[in-house]
Every structure is written in structure tokens, then in C-alpha cells.
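Can you read through this structure? Questions will come right after.
What follows is calculated from the coordinates using simple rules that are stated; it is not laboratory data. For clarity, every value in this text was computed on a predicted model and none was experimentally measured. With ideal geometry, Cβ positions are generated from the backbone for all residues, glycine too; neighbour counts draw on all protein chains shown.
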Amino acid sequence: MFPVIHGLSVYRHRQHAGRRDSALENKVTTRQILLGNEAIAHGLLESACTMATSYPGTPASEVLGALVKLKKQHDLKLHLEWSINEKVAFEVALANSFAGRRSAVIMKQVGLNVAADPLMSAAYTGVKGGFVVVVADDPGPHSSQTEQDSRFMAMAAKLPVLDPSSPAEARDFVDKAMRLSEKYEIPVMLRPTTRVCHARQDMELRSFAENDQVPCFEKDPGRWAATPKFRLLLHRQLNEKLEKIALDPEFSPSLLNQKEIAPSFQPQPRSCIVASGVAFAYAQEILLDLGLWDKIPVYKAPMPYPLAPAFRDDLLALYERILILEESYPVMELQFQDRVRVFGRTTGTVPASGELLPEVVESVLRGFLQLPPAPPIAVPGSPGRRPTLCAGCPHRATFFAIKKAFPNGLYPSDIGCYTLGLNLGVVDTVLCMGASISQATGFYHAYQAAHEDAPAICATIGDSTFFHAGIPALINAVVQGSRFVLVILDNSTTAMTGHQPTPASGKTLDGVRVPKLSIPDLVRACGVGFVAEEDPYRLEAMIELLKKAKKHAQARKGGIAVVVAKRPCLMDRSQAESWTRKPVGVTSQCKGCGFCIKQFECPALESQGKKQPIRIDPALCSGCGVCVVVCPHKGLKRVVSG
Amino acid sequence: MARETRAFDAVRIFFTGVGGQGTLLATRLVGEAALAEGISVTMSEIHGMAQRGGVVESSVVIGNAFSPTIPDGEADILMAFEPLEALRALPKCHAQSLIIANTAPIVPFSVATGQSTYPELAALHGLIKEKVSNLMWLDAVELARKAGSERASNTVLVGVLAGSGRLPLGKSSWEEALKRTLAPRIVGINRQAFEAGYAFSRAGGV
């Protein structure tokens with residue numbers, strides 16, 4: 001009745017069996033399904049982490065969220081924070097490590113670009129308390145600007161990196177990383193990918209370790225405040241650490257199918273596979289499916305960098321052909337320094353972009369093992385589905401107002417939900433956090449320096465992104481004499497990643513009251529002369545304000561104008577419902593022109609065919625009423641109840 | 001055959017739907033039911049655009065497997081929360097797969113703006129049936145409405161899956177999963193939705 005795929009016997013566990021895991025001293029408590037990111041959070045607490053800092057970003061966001069929950073549940077003694085950005089997060093947690101306490105910083109791959117400065121330097125200074133840098137990569141990419149490989153960043157910084165292939169392994173690797181870091185006094189990167197972060201797996205829960213590490217910062221200026229001369233010494237020490245780490249047997253690649261490989265079997269030419277991360281899990285499953293698990297030696301590398309030179313030399317002596325499977329750049333492959341017998345991304349054997357899905361790995365394996373390709377599977381053609389802003393999203397109203405006030409404008413934008421303003425034609429550029437403001441400056445001066453008439457520039461940035469990287473860019477824009485309108489889309493939360501607080505929230509994760517920052521005050525302090533706030537649901541007032549702001553930006557004695565479009569995110573359940581739901585109805589004036597659907601794109605507005613009046617989906621409509629003003633034909637109106 | 005010795009390796013279930021339909025919750029229900037039964041489980045989901053009208057895909061692998069990602073042609077069960085998404089995910093299925101598909105459409109924007117057309121329901125049914133004969137084709141939203149809440153259509157579909165007999169999971173494990181996964185105030189309504197789906201399935205899926 002049930003499909004037998006590999007012919008392996010079923011693995012069944014006993015609940016609450018109290019089995020002790022020999023590798024770890026912690027007591028087994030119970031069994032639960034954990035998200036990969038939750039498993040990492042458990043790993044941190046099992047290994048006595050005393051501080052974790054983070055900036056939210058998919059697919060890394062849930063690690064700190066899980067830590068916050070566990071801290072509350074178990075009344076734990078540790079400092080957790082959503083920092084203003086990744087660089088700050090890194091430095092805060094690093095100081096805790098300098099004070100001899102185990103620490104972690106968590107971010108997504110593009111966040112590490114922001115934290116690259118402390119990363120490179122911390123490799124030289126080293127650490128005291130174990131310091132784990134958790135960086136989640138996003139091959140695909142599913143929700144990122146790039147599919148860059150953070151293991152390369154570890155390599156560039158000369159830091160060891162661990163590459164887990166499942167949620168359970170990610171949890172175990174945290175402890176390994178923590179110990180490795182402490183043993184060699186070096187930051188250690190843990191690099192899960194989306195498929196690990198957002199996989200769920202059942203595992204035994206373990207109790208958390210006692211965490212009573214007393215902070216003790218030992219002054220050592222030659223190390224912690226090293227001048228360039230001492231930096232050279234630190235660099236030499238770093239190189240020595242790396243050499244030793246590469247030889248540490250706990251982290252060396254191992255031959256996974258040693259027992260299964262038939263000793264008499266010698267495929268010609270002699271081949272083997274080296275894999276890490278999720279690509280390893282796929283390869284194992286596919287080789288079992290193809291009946292080749294007992295024929296091709298498969299080495300698994302828990303630590304893709306640094307690889308021991310002896311491992312490379314041994315493999316090149318033993319095998320004629322070596323296939324490297326890893327995500328998403330050739331990190332192990334480049335350490336092999338052989339372009340003839342080593343196959344991977346640099347030889348075109350493995351695609352140089354895109355996620356290594358099981359289908360891709362199968363096709364690579366078949367090619368490498370000279371098997372016929374798998375029969376192709378037909379993909380049916382069907383209309384695509386693109387994501388859109390939620391019904392009632394205040395950003396949609398603001399974007400519509402911008403379109404009205406800045407026809408044919410130039411619209412630099414930024415990273416967040418509002419990137420979806422693309423659909424409305426009001427987002428022209430999306431580069432990285434904070435770039436909207438610097439690019440608005442660049443565009444302005446491009447036209448200005450060429451003595452050309454500039455299109456009216458209206459940049460958009462979210463509140464959390466503004467705090468993250470927008471403030472230096474705004475100061476720069478002001479002091480460079482740029483002229484544009486900046487709209488700060490203030491929904492009082494970090495919506496895209498699951499509603500993390502911003503510096504304007506006025507309290508910490510633990511609910512402790514702290515100063516509440518005012519965005520208009522900050523903007524004024526950056527030297528902006530025109531600052532005004534408006535509610536995007538008051539659409540007509542918002543359009544008027546934007547026109548006024550545009551005038552200021554273009555006036556002889558004007559300058560940069562900032563409009564704060566303020567209304568809480570509808571999906572943020574932690575904020576009180578800030579509007580009165582007023583159902584909207586379709587009037588006899590609606591002739592089905594489709595203006596509202598094409599120009600406003602609210603998912604609650606449904607076309608019923610050409611020249612047919614539209615329909616409002618009552619299940620989706622938030623009752624914000626903005627569409628009533630959007631319709632040029634009075635085809636929509638508020639429904640008065642009763 | 002006694003459950004302890006039943007020879008099965010893994011059952012792979014692929015879920016697809018549109019952001020807001022509750023596919024991820026349904027995925028978790030199935031995972032928790034497997035755990036309650038004492039069977040290993042791995043799951044995978046793609047977040048990010050989940051709340052915003054995009055396609056949401058997830059998977060559950062019950063039993064012994066190394067990876068939760070389901071390659072093309074290897075889903076033993078396809079849970080499609082929307083008929084067009086059933087067609088889009090069809091390459092995941094093999095000839096013996098079971099497809100449980102909700103027939104209530106969610107029209108994409110490309111259709112609303114006239115850039116593409118939504119296929120006729122009958123045509124979708126035909127295209128799917130051509131490849132996979134084992135198809136349960138039902139209006140889960142209607143069943144959920146009758147059971148008490150339109151929003152519980154995801155639990156209706158989980159009930160259909162439970163009633164199909166394709167998974168080695170007992171009724172008590174499903175009950176346990178509902179209790180573990182859902183807030184207490186919504187367990188009742190979801191139990192009714194689950195039962196509606198279960199009964200539909202037991203009646204032969206018609």
C-alpha cells in the first residue's frame with residue numbers, strides 16, 4: 001500500500017524514551033518538531049550562549065524570535081536584541097565574547113555584507129568566549145537580492161565555516177562551532193541555507209546548559225586595540241590557527257558510505273563525490289534511488305573551509321575524477337586547485353547559478369556517472385501568480401498618491417514589503433538596504449552635473465530600513481545639496497520579516513521601556529528643512545502634501561523634502577486596529593473600466609470580465625475605503641450599515 | 001500487517017496553494033500527526049511572500065528520508081488548495097499519486113488585468129485527470145462553510161487526506177495534532193471541518 005522507494009526499513013522512534021545522546025552530555029527530555037531556525041536557537045541555549053543579537057531577514061529571522069520565546073518560557077538569563085543593523089549586532093555580540101562569554105550574532109547573507117567590516121577585523125583579534133556567526137544563505141534566491149555564498153565571506157575573512165545539511169545537524173553544529181571558536185579563540189561561521197532554516201524535523205529536546213559565565217574583560221591593547229604593526233602578528237596567528245583547525249579530525253571530511261562500498265568494486269575511471277550542506281542530503285537520497293550508494297565513495301564535509309591540504313592530496317591520489325557538490329559558489333572546489341580532474345561549478349558540470357534542487361543534483365550526478373539522463377517531465381503552461389501588497393496595505397495608498405503627484409517621476413526604492421510597489425509602477429530601483437536615498441542623490445547629481453532637466457525624483461524607504469542604513473545616506477544627501485522628495489513609509493514595524501520592533505517602538509524585546517525615537521525629529525536633525533507627516537488613508541491630503549513637498553524640492557531656496565506616510569501595518573496584530581472598517585460597495589456608475597484594478601491593484605477588487613462591474617471580495621476587503629477615492633467614476637462608495 | 005513491521009519507507013506529500021490559504025498550517029497538522037503516531041517526519045516550506053498572494057509550496061515527508069524537498073515526479077500525494085495550482089504542481093506527481101484538490105479558484109492578477117486567462121475548471125480537471133487518475137476534486141470552501149467557517153477549508157483538506165487511508169496515522173493522532181497545533185478557541189470549529197473532509201473521503205471522495 002505504501003510506496004517502497006529505497007527498500008529501507010522504517011525508522012520508528014519511541015516517544016519520551018529518555019535516550020541519552022552519547023555525543024552530548026545534556027539530558028534528553030522530549031521530542032518535538034522544530035523549524036531549522038528554532039533548532040539553531042535550541043543549539044545556542046544548549047551550548048550556554050549568553051548573548052544573541054540579530055537584524056531580521058529571510059531566511060534567518062526566526063532564530064532570534066525563537067530565542068525570545070524560550071527566554072520567556074524558561075526565564076533565562078541572557079541578553080537578546082534586535083539591533084539597528086547587522087554591523088551593530090555583530091559588534092555588540094563580539095564585545096560580550098571579548099568579555100569571555102559565549103555569544104552569537106544572526107543574520108541573512110546580505111546582512112553579512114553590512115557586517116563585513118567587523119567580520120574581517122574580528123578574525124584578526126580573535127575572541128575569548130565562543131563566538132558563532134550564524135549566516136543564512138538563500139540559494140535560488142527565494143527572498144534576497146543575491147544568492148551569494150557566505151562561506152566565501154568566511155574564506156575571505158580566513159574564518160572556519162560549518163555547513164549543516166538538516167535542522168537536527170544545524171542544532172548539533174552550533175555546539176561544535178561554539179567549542180571550536182573557544183578552543184582556537186576565533187569567530188566561527190555557521191552557514192545554513194533556506195532549505196535548512198525553513199525545514200522542520202522531529203528531534204529530541206535537550207535541556208539547556210547552565211549559563212553563569214562571569215564577564216571578565218582582560219585588557220590587552222596589543223590584541224584588542226592592535227595597531228597595524230601588531231595586526232601583522234595577529235595575521236600570522238590567524239594563519240596558524242587555520243592550519244590547526246583544518247587538521248582537527250572532528251571537522252574533517254569523512255567517507256560516509258565506507259561500510260557500504262563493496263571492496264571489490266572499482267568503477268572505471270575511479271570517481272568520488274565530495275559534498276556539503278543540503279546538496280549532500282540530496283545526493284545521498286538520489287544515489288540510494290539509483291542503486292549507487294554502495295558504488296561511489298561519497299565524502300561529506302561538515303566544514304567546507306578550511307579543508308586540509310592532505311585531504312585534497314589524498315583524494316587526488318586515490319581518484320581520477322572528483323565531483324564537488326556544494327551551495328552556492330565553488331568554495332571547496334577552489335581549494336582543490338585542479339581544473340582537470342575536479343568537476344563542479346568552474347567546469348560547468350554543476351550549474352553556476354540557481355538552487356541545487358534534487359532534480360538538478362540528479363542531472364549532475366547522472367552526467368558525472370555517465371548514466372542516461374532522467375526522462376523529462378512536462379511542465380504545463382498556466383498563468384503566473386505574482387505577490388502583491390495586502391488588501392488595505394497603507395503602502396498601496398501612498399504609492400497611488402506618489403503616482404498622482406509625480407507623474408513620469410524617477411522612483412528609487414528600497415528593501416521591504418514596499419518593493420512590491422513595482423507592480424504599481426512606482427519603484428524603479430531596488431539595490432540594497434538604504435540605497436534609495438543615496439541613489440536619489442546620485443540621480444539628482446547625474447542630471448545636475450550635465451545641466452539637464454532632472455525628472456522629479458521621489459524615493460521611498462520603510463521605517464526599519466531608514467533606521468538600518470538610511471540615516472547616513474540622508475545626511476549625505478543634505479550636505480551634497482541634493483534635491484528630491486523622500487517618502488518614509490512608516491508602518492511602525494519591520495513587516496516583511498514578521499513584525500520585529502523598530503527603534504521607534506519604545507521598548508525592548510523584554511518589554512523594558514527605552515527612549516522612543518521620532519522619525520521626523522531624526523530627519524530634522526539630519527538637516528532637512530521640510531518634514532511633514534500624513535496618513536495615507538487620507539489619500540487626497542496625501543497627494544496635496546506630496547505636491548507641496550515636490551515644490552519645496554524644486555524651489556530656488558528649497559531643498560530635500562521628507563514626507564512620513566504614517567499608518568501601522570494591518571497584519572501586525574501587536575498594534576491596535578487603527579481604522580474603522582467601513583465596507584465598500586460597487587455603484588451603478590461602475591462600468592468595469594478596470595482603472596482600480598490596474599492602477600491600484602488591491603486583491604479585494606475582482607474583475608468580472610470586460611465592461612462588467614467589478615466585485616469586492618468581502619473576505620479580503622479591509623474596509624480602508626481608499627479605493628472609493630481612487631475610482632475616477634464614483635463607481636465605489638462606502639456602504640452605510642443598517 | 002502489524003504497524004510495527006509494515007514495510008514502508010517514506011510517503012512524500014507536496015502542498016501547494018496561494019498566500020493566505022493556510023497551507024503552512026495544514027502542513028504542520030500533518031507533521032504533528034506523524035509525530036503523535038511516533039513516526040519520523042521532515043518538512044520544508046518557502047516563506048517570504050507567503051502572505052502576499054504568491055504561490056506557497058511546502059512538503060511533508062513521513063518516514064525515513066534524508067531530505068524534505070520533493071523532486072519532480074516523486075510526490076505520493078499532492079494537496080492542492082487551489083485548482084490552477086494543482087495543475088502547476090502536476091509535475092511533482094507520478095502515475096500512482098493521489099491528488100486532493102480544492103476547486104475554489106483564486107484568480108491571479110495577471111488574469112484580473114487581462115494579461116492572461118484563467119482556464120475553465122472542467123479543462124483543468126481534464127488536464128489533471130489525464131496524468132493522474134487518483135483525484136479527489138472537491139469544493140473545500142463550501143464544505144468548510146457548511147462545517148461552520150469558510151476559513152477552515154485547509155482543515156477540510158487535511159480531513160480528506162486523513163480519510164484517504166494513504167497515511168499510517170490513526171484518528172487519535174490527528175486529534176492530538178489539532179490540539180497541539182491550534183489555539184484552543186478554534187480547535188472545535190477545525191475538528192468539525194476535519195470531520196467533514198474525513199467523511200467526504202470515506203464516502204469515496206464524491
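Could you tell me which residue out of A:454, A:481, A:639 lies farthest along the dipole of chain A toward its positive end? Charges go on the beta carbon: Lys and Arg +1, Asp and Glu -1, centred on the Cα centre.
A:639
Note the full-extension length gain between residue A:116 and residue A:379 as 0.36 nm times their separation in residues minus their Cα-Cα distance, in nm to one decimal.
Result for the pair: 90.5 nm of gain on full extension.
Angle between the Cα long axis of helix A:62-74 and the longest principal axis of chain A, 0 to 90 degrees, nearest 10?
Tilt of helix A:62-74: around 80 degrees.
Among the complete DSSP H segments of chain B, which ones combine at least 24 Å of alpha-carbon extent along their axis with a mean Kyte-Doolittle hydropathy of -0.5 or more?
Taking the DSSP H segments of chain B (at least 24 Å long, mean hydropathy at least -0.5), we get B:184-202.
Which shape class applies to region A:252-368: rounded if a/c is under 1.5, otherwise prolate when a/b exceeds b/c and oblate if not, where a ≥ b ≥ c are the square roots of the Cα gyration tensor eigenvalues?
Rounded shape, in that the Cα axes give a/c under 1.5.
Also, I was wondering about something else. Report the one residue of A:319, A:331, A:301 whose Cα lies farthest in the direction of the positive end of the charge dipole of region A:252-368 (charges on C-beta: Lys and Arg +1, Asp and Glu -1; origin at the Cα centre).
A:319
Still on this structure, please answer the following. Could you work out how far apart the two model spin labels at residue A:551 and residue A:525 are, taking each label as a point 7 Å from the Cα in the direction of the beta carbon, and quote it in nm?
3.1 nm
Now for a different question. Can you give the FRET efficiency to the nearest 0.05 for residue A:476 and residue A:612, using r as the Cβ-Cβ distance and R₀ = 51 Å?
Using R0 = 51 Å, I get an efficiency of 0.50.
Rounded to the nearest 20 debye, what is the charge dipole size of region A:247-346 about its Cα centre when +1 sits on each Lys and Arg Cβ and -1 on each Asp and Glu Cβ?
Computed about the Cα centre, the dipole is about 280 debye.
Go from 0 up to the bin containing the longest alpha carbon distance in chain B, width 5 Å each, and give me the % of pairs per bin.
Calculated over all Cα pairs of chain B, the distribution is 1, 8, 16, 21, 22, 17, 9, 4, 1, 0, 0, 0 percent.
Extending each Cα 7 Å along its Cβ direction at residue A:352 and residue A:633, get the distance between those two points in nm, one decimal.
Here the modelled spin labels are 5.2 nm apart.
Could you work out the Rg to Rh ratio of region A:584-638, with Rh taken as the Kirkwood radius (inverse of the mean 1/r over all Cα pairs)?
My calculation puts Rg/Rh at 0.89.
OK, next. About its Cα centre, how strong a charge dipole does the protein assembly as shown have in debye, to the nearest 20, once Lys and Arg get +1 and Asp and Glu get -1 at the Cβ?
Values: 91 positive and 81 negative charges, 450 e Å.
Its charge dipole is roughly 2160 debye.
What do you get for the angle between helix A:277-289 and the principal long axis of chain A? Use alpha-carbon atoms, 0 to 90 degrees, nearest ten.
The answer is roughly 60 degrees.
Work out the FRET efficiency for residue B:120 and residue A:532 from their Cβ-Cβ distance, taking R0 = 45 Å, and round it to the nearest 0.05.
Rounded to the nearest 0.05, the efficiency is 0.30.
Rounded to the nearest 500, what is the 222 nm mean residue ellipticity of chain A from helices alone, with -39500 (n - 2.57) per DSSP H run of 4+ residues and division by all residues?
-10000 deg cm²/dmol
Provide the descending list of Cα extents for region A:4-250 along its principal axes, expressed in whole angstroms.
Principal-axis extents of the Cα atoms in region A:4-250, largest first: 63, 40, 38 Å.
Continuing with the same structure: Taking only Cα atoms, what is the 0 to 90° angle, nearest 10, from helix A:36-46's long axis to the longest principal axis of chain A?
The answer is roughly 60 degrees.
Related question: Is the shape of region A:61-183 rounded, prolate or oblate, going by the alpha carbon gyration tensor and its root eigenvalues a ≥ b ≥ c, with a/c under 1.5 for rounded and a/b larger than b/c for prolate?
Rounded.
Within straight cross-link reach of residue A:176, meaning Cα distance under 19 Å, which aspartates and glutamates are found once same-chain residues fewer than 8 apart are removed?
A:21, A:25, A:38, A:46, A:163, A:185, A:204, A:210, A:243, A:248, A:250
Also, I was wondering about something else. Take A:483, A:179 and order them by how many other Cβ atoms sit within 10 Å, fewest up front.
Ranking A:483, A:179 by Cβ neighbours within 10 Å, fewest first, gives A:179, A:483.
Mind checking region A:528-594 for GluC sites (Glu not before Pro) that DSSP puts in a loop (not H, G, I, E or B) and that have at most 11 other Cβ atoms within 10 Å?
A:577
Please give the length that would be gained between residue A:146 and residue A:572 if that part of the chain were fully extended, namely 0.36 nm times their separation in residues minus their C-alpha to C-alpha distance (nm, one decimal). Before the final figure, lay out the partial values.
Working: separation 426, 0.36 × 426 = 153.36 nm, distance 2.77 nm.
Gain on stretching residue A:146 to residue A:572: 150.6 nm.
Let me ask you something else. According to a simple spin-label model (label point 7 Å from Cα along Cα-to-Cβ), what is the distance in nm between residue A:431 and residue A:340?
4.5 nm
Which three semi-axes in whole Å describe the equivalent ellipsoid of the protein assembly as shown, each the square root of 5 times a Cα gyration tensor eigenvalue, listed largest first?
Three semi-axes, in Å: 43, 38, 26.
Okay, next question. Order these by the 10 Å Cβ neighbour count, fewest first: A:110, A:161.
Ranked by crowding around the Cβ, least crowded first: A:110, A:161.
Could I get the Rg over Rh figure for region A:394-566? Both from C-alpha atoms, Rh via Kirkwood, rounded to two places.
0.96
Oh, and also: Pop the C-beta distance of residue A:239 and residue A:73 into the FRET formula with R0 = 51 Å and round what comes out to the nearest 0.05.
So, using R0 = 51 Å, E works out to roughly 0.75.
Say a paramagnetic label sat at a point 7 Å from the Cα of residue B:199, along Cα to Cβ; which residues of region B:144-170 have their backbone N under 12 Å from it?
B:144, B:146-148
Taking the Cβ of residue A:607 as the center, what net charge do the other residues with Cβ under 11 Å away carry, scoring Lys and Arg +1 and Asp and Glu -1?
So the surrounding residues net to +3.
Between residue A:512 and residue A:214, what length comes free when the chain is fully extended (0.36 nm per residue of separation minus the Cα-Cα distance, one decimal in nm)?
Here the segment from residue A:512 to residue A:214 would lengthen by 105.0 nm.
Can you give the charge dipole size of region A:116-165 about its Cα centre, rounded to the nearest 20 debye, using +1 on the beta carbon of Lys and Arg and -1 on the beta carbon of Asp and Glu?
The dipole magnitude comes to about 320 debye.
Around residue A:57, with a cut-off of 13 angstrom between Cβ atoms, what is the net charge of the other residues, counting Lys and Arg +1 and Asp and Glu -1?
Net local charge, residue A:57 excluded: -3.
Let me ask something additional. Of the listed peptides A:627-634, A:586-593, A:278-285, what is their order by residue-averaged count of other C-beta atoms within 10 Å, with the highest listed first?
Going by the mean number of other Cβ atoms within 10 Å, highest first, we get A:278-285, A:627-634, A:586-593.
Cα-based Rg (one decimal) and Dmax (whole number) for region A:500-642, in Å?
In order Rg, Dmax, the Cα atoms of region A:500-642 give 19.4, 56 Å.
Right, next: Could you point to the residue in A:599, A:290, A:502 farthest towards the positive end of chain A's charge dipole, with +1 and -1 charges on the Cβ of Lys/Arg and Asp/Glu respectively?
A:599
On to the next question. Please list, by residue number, every one of the trypsin sites (Lys or Arg not before Pro) in region B:114-175 that is coil in DSSP and has at most 16 other beta-carbon atoms within 10 Å.
Counting only loop positions with at most 16 other Cβ atoms within 10 Å, none of the trypsin sites (Lys or Arg not before Pro) in region B:114-175 qualifies.
Which of A:254, A:165 comes first, and how do the rest follow, when ranked by fewest Cβ neighbours within 10 Å?
Exposure proxy ranking, most exposed first: A:254, A:165.
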